[in-house]
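These notes concern the structure reproduced below.
Please treat every number below as a calculation from the coordinates, not as lab data. Only a predicted model underlies this, so the values are computations on that prediction, with no experimental measurement involved. Note that we place each Cβ from the backbone using ideal geometry, even for glycine, and neighbour counts take in every protein chain shown.
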Amino acid sequence: MEKKKFTKCPIEVRKRRLYKLTRNRAPISFEVSNRHKRTKPLYYFDSETSQNRPIRYATNQLTPFIDEQDGDITMGTIEFKDGMLSVPENDVLLQWYLSIHPDFGNKFVEVDKEKDAQKELEALELTGQAVTLAMSLKGDMLETAIRVVLEMNPDSMTTPEMKRDILKYAQREPVDFLNTMSKSTVTVEAETKKYFDRGILQFRNQNKEVWYKVEDKWKKLTTLKYGVEKFKALMQFFETDEGRDAKAFLDENF
């Protein structure tokens, strides 16, 4: 007879684990479903077999998968008290069951203070980088940030106003600020938006075309690529040979 193969337990680090209910749920008592039922299915999708496998928390078994359990079954209760559940390091079966439960990540999550602290630290470091960069911006680069990051016209703003607004944005959205300022096209975008702010360029024909004004007359600069956001499509145009010539003409004449 072929020896029955059991699924390997994914819990490798033995430690006490703490779980909490999500969405500010904190009833005096809350029980997590502990077994698969015909009226209330409880499945874990096994990516190796591409099958939904029914699970249950049987305290006298070595696995949470019903198809691997044998003999008499002793069911266990999983109860959150005041929104929390502590599982000791020797109750690997319950930790395993909770990790594959369909409600994990939805109705309850594992509390990992070290992981949470690391995420918070990384967020603080990013904010620090963004604030440092924002504080260092001067002159043309400060105006560039105002035009590209905030999509505002800096021509009527004082330097303190620009510094204040870009610093507040860097604090509020550090990732977007850093990503935007790191783009190789950020200067080109700022220069291009300046032409729009000063009435030299216009989008026309439902944003499908770009026109430029010369000697009080309007001429078509280009037709934009279909299906691409208008400003992104214009940046793509400026990366072509024709677009580089057009950008050079604008820079020389306006």
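For the chain, the longest principal axis of the Cα atoms and the long axis of helix 139-148 meet at an angle of about 60 degrees.
Net charge near Asp245: determine it from the other residues with C-beta under 14 Å of the C-beta of Asp245, scoring Lys and Arg +1 and Asp and Glu -1.
Numbers: positive: Arg244, Lys247; negative: Glu239, Asp241, Glu242, Asp251, Glu252.
Value of the local net charge: -3.
All C-alpha to C-alpha distances of the stretch 190-239, sorted into 10 Å bins beginning at zero, yield P(r) values of 26, 59, 14, 0 percent in whole numbers. Treating each Cα of the chain as an identical point scatterer and summing with the Debye formula, the log10 of I(q)/I(0) at q = 0.08, 0.10, 0.11 Å⁻¹ comes to -0.62, -0.73, -0.77.
Just to verify a number: FRET efficiency for Thr159 and Lys219, C-beta to C-beta distance, R0 = 35 Å, to 0.05? Taking R0 as 35 Å, the efficiency between Thr159 and Lys219 is 0.50.
What FRET efficiency comes out for the pair Thr187/Glu48, r = Cβ-Cβ distance, R0 = 45 Å, nearest 0.05? All intermediate terms of the calculation are to be shown ahead of the outcome.
Numbers: r = 50 Å, r/R0 = 1.12.
So, using R0 = 45 Å, E works out to roughly 0.35.
How high is the FRET efficiency between Glu79 and Glu229 when r is their beta carbon distance and R₀ equals 45 Å, given to the nearest 0.05? Walk me through the numbers on the way to the answer.
Numbers: r = 51 Å, r/R0 = 1.14.
The pair Glu79/Glu229 has a calculated efficiency of 0.30.
With the chain treated as a Gaussian network of Cα nodes joined by springs under 10 Å, which of Arg23, Arg172, Arg56 yields the largest mean-square fluctuation? Of Arg23, Arg172, Arg56, the Gaussian network model singles out Arg23 as fluctuating most.
Kirkwood-type hydrodynamic radius, the stretch 110-254: 17.1 Å, calculated from all non-identical alpha-carbon pairs.
Using helices alone, I'd like the mean residue ellipticity at 222 nm for the chain: each DSSP H run of four-plus residues gives -39500 (n - 2.57), total over residue count, nearest 500. Present the calculation step by step, with values, prior to reporting the outcome.
Working: 8 runs with 99 residues, N = 254.
So the calculated ellipticity at 222 nm is -12000 deg cm²/dmol.
Rounded to the nearest 10 degrees, the inclination of helix 186-197 to the longest alpha-carbon principal axis of the chain is 60 degrees. Note that the stretch 209-214 has calculated 3J(HN,Hα) couplings of 10, 10, 10, 10, 9, 9 Hz, one per residue in order, obtained from phi through the Karplus relation 6.51 cos²θ - 1.76 cosθ + 1.60 (θ = phi - 60°); glycine and proline are x. Taking one quarter of the surface of the convex hull spanned by the alpha-carbon atoms of the stretch 17-111 gives a direction-averaged projected area of 6.6 nm².
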